[in-house]
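Here the structure comes first, spelled out in structure tokens, and everything after it is commentary.
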Amino acid sequence: MAYSGSLEESYRKAATYVDKILKGAKPADLPIEQPTRFELVINLRTARELKLTIPQSLRARADQTRSSSDGRLPKCRSAYSKPSGAIVV
């Protein structure tokens, strides 16, 4: 299970910073921003191997649930079509 800032949002913010720097802004003058969107990812296969029961209410709140670890991209139930990139245990 992982709860982390959205990588997609982080990439967008990074692009905004690069744009401002390329337009002449000094990096030291740019504000530090914290994530505003977080994602919950649950690895069901690992939970099953650890004999943990994940309540259905928690599964319903997850942005992604993963149940595969065969090297292919897992089938995710997500608001985005891409995996979040969060570290999943």
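Here are some notes:
- Condition check for Lys51: of a type in the set (Lys, Arg) and farther than 30 Å from Thr65 by Cβ: no
- Residue match in region 58-71 (condition: modelled with pLDDT of 90 or more, assigned to a loop (DSSP other than H, G, I, E, B) and of a type outside the set (S, T, N, Q)): yes
- Residues of region 17-26 satisfying the condition of being assigned to a helix (DSSP H, G or I) and either modelled with pLDDT under 90 or surrounded by fewer than 12 Cβ atoms within 10 Å (Cβ to Cβ) (or both): Val18, Asp19, Leu22
- Among (1) surrounded by 12 or more Cβ atoms within 10 Å (Cβ to Cβ); (2) touching a residue at least 24 places away in the same chain (Cβ under 8 Å) - the single one Thr36 does not satisfy: (1)
- Within region 4-16, being among the hydroxyl-bearing types (Ser, Thr, Tyr) and either exposed (fewer than 12 other Cβ atoms within 10 Å of the Cβ) or over 11 Å from the mean Cα position of the chain (by Cα) (or both) holds for Tyr11, Thr16.
- Within region 30-49, being assigned to a loop (DSSP other than H, G, I, E, B), modelled with pLDDT of 90 or more and either among the hydroxyl-bearing types (Ser, Thr, Tyr) or in contact with a helix residue (DSSP H, G or I) (Cβ under 7 Å, 6 or more places away or on another chain) (or both) holds for one residue alone: Leu30.
The values are calculated or read from the model by the stated rules, or taken from the named source; none is laboratory data. Nothing here was measured: the structure is a model prediction, and the numbers come from that model. Glycine gets a Cβ as well: all are built from the backbone with ideal geometry, and neighbour counts include every protein chain shown.
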